[in-house]
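What follows is one structure encoded as structure tokens, with my remarks underneath.
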């Protein structure tokens with residue numbers, strides 16, 4: 001079972017309360033949602049919740065064959081300053097011997113090639129083959 005230590009919990013919470021660069025304004029859920037990577041395969045949603053303290057929800061995709069974590073997840077915070085504090089510990093928070101990679105979900109929106117089309121995925125030069 002993978003559990004964050006008290007030091008790991010305190011690091012996230014102290015960064016959340018000590019953050020002086022809080023941006024004011026109305027923010028949507030995507031501003032408060034973080035992508036958390038480099039997770040141990042035994043990680044569970046409850047372990048991830050306990051590592052980050054008060055969160056709205058955690059989404060942890062699981063491998064359908066093994067039922068284990070795919071190595072990444074999403075954490076949504078109720079307050080923007082808590083999300084920013086958690087993002088500030090990127091590469092510093094270690095759980096189960098792995099340093100977590102934490103980034104904003106909005107950093108990843110639109111990173112796919114907008115020009116890629118379904119036909120581009122076809123690697124053969126031929127067209128449609130019909131067997132009669």
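Odds and ends about this structure:
- Breaking point among (1) part of a helix (DSSP H, G or I); (2) in contact with a helix residue (DSSP H, G or I) (Cβ under 9 Å, 6 or more places away or on another chain); (3) modelled with pLDDT of 90 or more, for residue 75: (1)
- Reported count of residues in segment 102-121, each being over 19 Å from residue 53 (Cβ atoms) and either modelled with pLDDT of 90 or more or loosely packed, with under 10 Cβ neighbours inside 10 Å (or both), is 13.
- Taken together, the residues in segment 37-48 that are surrounded by 15 or more Cβ atoms within 10 Å (Cβ to Cβ) and farther than 14 Å from residue 100 by Cα amount to 2.
The values are calculated or read from the model by the stated rules, or taken from the named source; none is laboratory data. Please read all numbers here as calculations on a predicted model, not as lab measurements. Positions of Cβ are generated from backbone atoms using ideal geometry, with glycine treated the same way; all protein chains shown enter the neighbour counts.
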